Amino acid sequence: MNLRSCLRLLPVLCATAGVFAATDARADSPVCSGTGEVLLSWPSGNPIWELCYLLPSQSSGPRGSGMELRNVYLHGKLALKRAHAPILFAEYTTSTCYRDWKDTNGTKITWAGVHPTFGRSTTTSCDRSKDPTASYGTCPFQLVVNGSGGAPTGTCGSGIAIEDFGSYVEMTMQYDASWYKYSSRFRFYADGSFEPEFGFGNSDGTNNGTTHWHHNYWRLDFDVDGADNDIIQQDGVTQAVEFKTLRCDPTTPASCASERRWQVKDTVTGRGFELDPGDGDYVTPPNQSGRNFHKFDVFGTRYVANEYGDASSYSLGDCGMHDGNLVADANPDDLDGAAGEGTDVVLYYRGGVRDKTADGNGPQDSMVCKKVGPKFTPIGVWNAPLFGDGFE
């Protein structure tokens, strides 16, 4: 008997058929009924991934959170309640610094078919920022295309682009903070893994002569198989209390030889995900400027309703990440519950880039876009029949 069919019948009949199991979640799909939510099912038939997505202008957080995903399901099982990036900074070697906003929809180019240079049909400002010093202007990004010069062909517009590459689906969006153009991508793979990506572009060269950093913090509220019974582990060791930590200690190079991993999983079903930092994530440590604005890479916290970052309101000049607001230094909350069964947890992850001037430490690259982002790999059994043979 098919589970979805059985659920339409009386509970007694379903129980008699042997469909219910106490240790597993039922197959399900997201309901995208919130303001601005749009359903994505991939593939369209017998989907592996289903989720609701929103534009930056409709995202949550004091100043938005870029492209936001909600109610993400993998093989009919809840994997993520919300994935977004509500915290973003621009930090300079001078006294200048910003807490950027993430609720202004940006523009990108959509090509007719795959573009020969970029290998995809959707191109953001970050994709086009290849020259170390030259700006590209606003959409359609006035750069030479394949040596021809002039304005490239393609349609300029906002919105979230979705491209099916066969083994994965890619979602692309750009959001603006004045002359800064931030690109956001999510890739969801057929094997159950997924990758968020952050990229930065400068449209007109403003502050091009000053070395600066961009710090992007993703927030992932997993709710694997529901909000209860989730734990966070570091290298397989369950973390009992809220924590903040580094990918590795940049002052001790040997510590970076043994890479850390973080896991979020449900203690009942055994399903979850492992966070694997991307190679580019190690390039820019959190406190490279020495100003102590950004000191950590990974944060594990208990869920707090409507807490989408480290501050309740984001003023432009609030330059530093208030890590103590996310992870209390005194009396931190427990993450694994009174008996180690887990609770409702949230994971924050920082990805940073540096745009460098010619300061004696190498050539200027301040206009070349850098992309960063981790990979999340599934833990446990996600694609097996939910209730055993004969009930699929």
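Exactly one residue among LEU335, LEU326, LEU347 is touching a residue at least 24 places away in the same chain (Cβ under 8 Å), over 22 Å from HIS294 (Cβ atoms) and not basic (Lys, Arg), and that residue is LEU335. Scanning the stretch 68-97 for residues that are of a type in the set (Phe, Trp, Tyr) and either within 21 Å of the chain's Cα centre (by Cα) or at positive phi (or both) yields a count of 2. Is one or more of the residues making up the stretch 48-67 under 25 Å from the mean Cα position of the chain (by Cα), modelled with pLDDT of 90 or more, closer than 30 Å to THR377 by Cβ and among the basic types (Lys, Arg)? No, because not a single residue in the stretch 48-67 is under 25 Å from the mean Cα position of the chain (by Cα), modelled with pLDDT of 90 or more, closer than 30 Å to THR377 by Cβ and among the basic types (Lys, Arg). Inside the stretch 290-320, can you point out the residues that are aliphatic (A, V, I, L, M), at pLDDT below 95 and surrounded by 15 or more Cβ atoms within 10 Å (Cβ to Cβ)? Answer for the stretch 290-320, where residues must be aliphatic (A, V, I, L, M), at pLDDT below 95 and surrounded by 15 or more Cβ atoms within 10 Å (Cβ to Cβ): just ALA311. Candidates are the residues of the stretch 193-203 that are modelled with pLDDT of 95 or more and part of a strand (DSSP E or B); the one that is surrounded by the fewest Cβ atoms within 10 Å (Cβ to Cβ) is GLU195. One residue is enough: does the stretch 268-284 have a residue meeting the conditions of a type in the set (A, V, I, L, M, F, W, C), more than 16 Å from PHE198 (Cβ to Cβ), buried (at least 18 other Cβ atoms within 10 Å of the Cβ) and at pLDDT below 95? Yes, the conditions are met somewhere in the stretch 268-284.
Residue check: PRO285 meets all listed conditions (1) more than 29 Å from GLY342 (Cα to Cα); (2) assigned to a strand (DSSP E or B); (3) not hydroxyl-bearing (Ser, Thr, Tyr) but one, namely (2).
Given the criteria hydroxyl-bearing (Ser, Thr, Tyr) and either more than 29 Å from ASP103 (Cα to Cα) or touching a strand residue (DSSP E or B) at 6+ places or on another chain (Cβ under 8 Å) (or both), does TYR303 qualify? Yes, satisfied.
Within the stretch 59-88, if we keep just the residues that are among the charged types (D, E, K, R) and part of a strand (DSSP E or B), the residue that is nearest to ILE162 (Cα to Cα) turns out to be GLU68.
Quick one: would you say ASP228 is farther than 27 Å from GLY64 by Cβ, in a loop (DSSP other than H, G, I, E, B) and modelled with pLDDT of 95 or more?
Against the criterion (farther than 27 Å from GLY64 by Cβ, in a loop (DSSP other than H, G, I, E, B) and modelled with pLDDT of 95 or more), ASP228 does not qualify.
Of everything in the stretch 217-267 that is within 22 Å of the chain's Cα centre (by Cα) and among the aliphatic types (A, V, I, L, M), the residue that is surrounded by the most Cβ atoms within 10 Å (Cβ to Cβ) is VAL224.
Okay, residues lined up against (1) among the basic types (Lys, Arg); (2) in a loop (DSSP other than H, G, I, E, B); (3) modelled with pLDDT of 95 or more:
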position: PHE186; (1), (2), (3): no, no, yes
position: ASP191; (1), (2), (3): no, yes, yes
position: GLY205; (1), (2), (3): no, yes, no
position: GLY209; (1), (2), (3): no, yes, no
position: PRO250; (1), (2), (3): no, yes, no
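Residue pairs, Cβ under 8 Å, 6 or more apart or interchain, first in the stretch 110-124 and within 18 Å of GLY159 (Cβ to Cβ), second of a type in the set (Val, Ile, Thr) and modelled with pLDDT under 75. List them. The qualifying pairs are TRP111/THR153; ALA112/THR153.
Restricting the stretch 19-38 to residues that are at pLDDT 50 or above and polar (S, T, N, Q), which is farthest from ASP266 (Cα to Cα)?
THR35
The values are calculated or read from the model by the stated rules, or taken from the named source; none is laboratory data. The structure presented is a predicted model; accordingly, all values stated were derived computationally and were not measured. Here Cβ is always computed from backbone atoms with ideal geometry, including for glycine, and neighbour counts include all displayed protein chains.
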